[in-house]
């Protein structure tokens, strides 16, 4: 029996089979390195995006639930305290050419052979802005649907939509003295908003290993 096993092993353990196994292992290691590097790059991109958004405000709230006044709550990606008041940000990371309009129920995104539609985000933005206004007292509130660099609007931006690179120009930072005056004037209103919202689990960051093989669009 032992002799038969050794004979079978000798037949498998050939230079050709060793070469095949080595090649398979190298391909596996290379693929694993690629997916890890991609996941790290995506995390770095998300961190840069986050820092770019929050740098516009003197204070911010991220991934929160805002009460809607009817016993429910709605998710808000960012609340920014800016030089013009509170900005409600609905962040959209959509890749491709986006075609949408104020009167359209659905917007279309096209990327190569890929084509999909999604609900006009303006309507949900209006609801979010209204919910925040109900908490804000005298603090001005407005909203923007913010698209990342992966998306483009070949026919122009619909109302209340903005590209992430234009956020800083739309809401320029204020100097330290003006910032302190603004904050003192509306501090209680901003604190009332912060006290009323709760953390949202809708866009919680997943574990690193869950992101490694993520192939979602």
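Every read-out reported here was derived from the displayed coordinates using simple, explicitly stated rules and does not represent laboratory data. Computed from a prediction, not measured in an experiment: that's the story for all the values here. FYI the Cβ positions are ideal-geometry reconstructions off the backbone, even for glycines, and counts take in every protein chain you see.
As a rough guide to protection, the peptides 66-79, 153-166, 127-140 ranked by mean Cβ packing within 10 Å, highest first, stand as 127-140, 66-79, 153-166. Within the range 58-204, antiparallel bridges make up roughly 65 percent of the DSSP beta bridges whose residues both belong there. Between residue 37 and residue 202, the simple spin-label model (points 7 angstrom out along Cα→Cβ) gives 3.6 nm. If R0 is taken as 45 Å, the Cβ-Cβ distance between residue 25 and residue 72 corresponds to a FRET efficiency of 0.25.
You can think of it this way: the chain between residue 115 and residue 192 has 23.5 nm of extra reach, that is 0.36 nm per residue less the Cα-Cα gap. The simple spin-label model puts a point 7 Å past each Cα toward its Cβ; for residue 106 and residue 59 those points are separated by 4.2 nm. If you plug the beta carbon distance of residue 181 and residue 157 into 1/(1 + (r/R0)^6) with R0 = 41 Å, you get a FRET efficiency near 0.80.
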